[in-house]
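The values are calculated or read from the model by the stated rules, or taken from the named source; none is laboratory data. This structure is a prediction, so every number in the text was calculated from the model and none was measured. Backbone-built Cβ (ideal geometry, glycine too); neighbour counts: all protein chains shown.
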Amino acid sequence: MIKRNKKIGILGGTFDPCHIGHLKISQEAKKKFNLEKIIWAITKKNPFKKKSSLSIESRLKISKKFTRKYKFIQVNYFEKHTRSNKTFYLVNYLKKRFINKELYLIIGADNLIKFHKWKRWKDISKKCIILVFDRYPYKSKALKSLAFKHINKEKLKFINFKKVNISSSQLKKI
């Protein structure tokens, strides 16, 4: 009998635009934590960033095309269901949708620095395991962050990672 995997990864963001860095951390998370699939949860607007340069429809279309040969990645827009761009509501929605599945929230070290500013951040850490991918030059600040100090290390995993030095912000400047 084949044992079904019961782990789902969530990589949220604006994906403005999606890039190889998103793909590489998705592949690494899948491999390292034996994830069944990874959901790219595209948000209309990141609460900590300015307006996206591309429409949500364009970002969804580009991301789906970019990941089409990676069957373990599912690109989706959940804000029509959650009525919010806050991760707390996304995690709650997915917990109800994927009963008996363990959720893994995938973030970069830069996000861990500000994680304590996220709505109900302590509750997020109780509902899923947080995978923090090292991202230059944020490691030192991330490891000293309020969230890193307060989240149970069973629920937070810091992943040293062969970095892909690219970001959506850098791509927009090209």
**OP:** Considering each residue of the stretch 123-138, count those that are of a type outside the set (S, T, N, Q), in contact with a helix residue (DSSP H, G or I) (Cβ under 9 Å, 6 or more places away or on another chain) and more than 22 Å from Lys49 (Cα to Cα), and give that number.
**Re:** 4
Original post:
Quick check: anything in the stretch 142-155 in contact (Cβ under 8 Å) with a residue 40 or more places away in the chain, touching a helix residue (DSSP H, G or I) at 6+ places or on another chain (Cβ under 6 Å) and either more than 12 Å from Gly12 (Cα to Cα) or not in a helix (DSSP H, G or I) (or both)?
Top reply: no
**OP:** Considering each residue of the stretch 140-174, count those that are closer than 18 Å to Lys24 by Cα and either modelled with pLDDT of 85 or more or surrounded by 11 or more Cβ atoms within 10 Å (Cβ to Cβ) (or both), and give that number.
**Re:** 12
Original post:
Out of all the residues in the stretch 111-166, which are β-branched (Val, Ile, Thr) and under 23 Å from Asn34 (Cα atoms)?
Top reply: Ile124, Ile129, Ile130, Val132, Ile151, Ile159, Val164
Original post:
What residue, among those in the stretch 39-89 that are of a type in the set (A, V, I, L, M, F, W, C) and part of a loop (DSSP other than H, G, I, E, B), is modelled with the lowest pLDDT?
Top reply: Phe48
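Got a sec? Which of Leu105, Leu54, Leu60, Leu94 is in contact with a Ser or Thr (Cβ under 8 Å, 6 or more places away or on another chain) and not charged (D, E, K, R)?
Checking each option against the conditions leaves just Leu105.
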Subject >> Condition met for Tyr104 (within 17 Å of Leu11 (Cβ to Cβ) and within 12 Å of the chain's Cα centre (by Cα)) >> reply: yes
Subject >> Residues located in the stretch 29-62, provided they are within 18 Å of Leu90 (Cβ to Cβ) and touching a Leu at 6+ places or on another chain (Cβ under 8 Å) >> reply: Ala29, Ile38, Ile39, Trp40, Ala41, Ile42
**OP:** Can you give me the number of residues within the stretch 77-94 that are under 15 Å from Asn46 (Cα atoms) and touching a helix residue (DSSP H, G or I) at 6+ places or on another chain (Cβ under 9 Å)?
**Re:** 11
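I'd like to check something: does the stretch 9-25 contain any residue that is β-branched (Val, Ile, Thr), assigned to a helix (DSSP H, G or I), at pLDDT 95 or above and within 24 Å of Phe158 (Cα to Cα)?
Yes, because at least one residue in the stretch 9-25 is β-branched (Val, Ile, Thr), assigned to a helix (DSSP H, G or I), at pLDDT 95 or above and within 24 Å of Phe158 (Cα to Cα).
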**OP:** Please find, within the stretch 92-132, the residue that is farthest from Gly21 (Cα to Cα) out of those that are at pLDDT 95 or above and of a type in the set (Val, Ile, Thr).
**Re:** Ile124
Original post:
In this structure, is Lys44 surrounded by fewer than 19 Cβ atoms within 10 Å (Cβ to Cβ), touching a helix residue (DSSP H, G or I) at 6+ places or on another chain (Cβ under 6 Å) and either basic (Lys, Arg) or within 17 Å of Lys86 (Cβ to Cβ) (or both)?
Top reply: yes
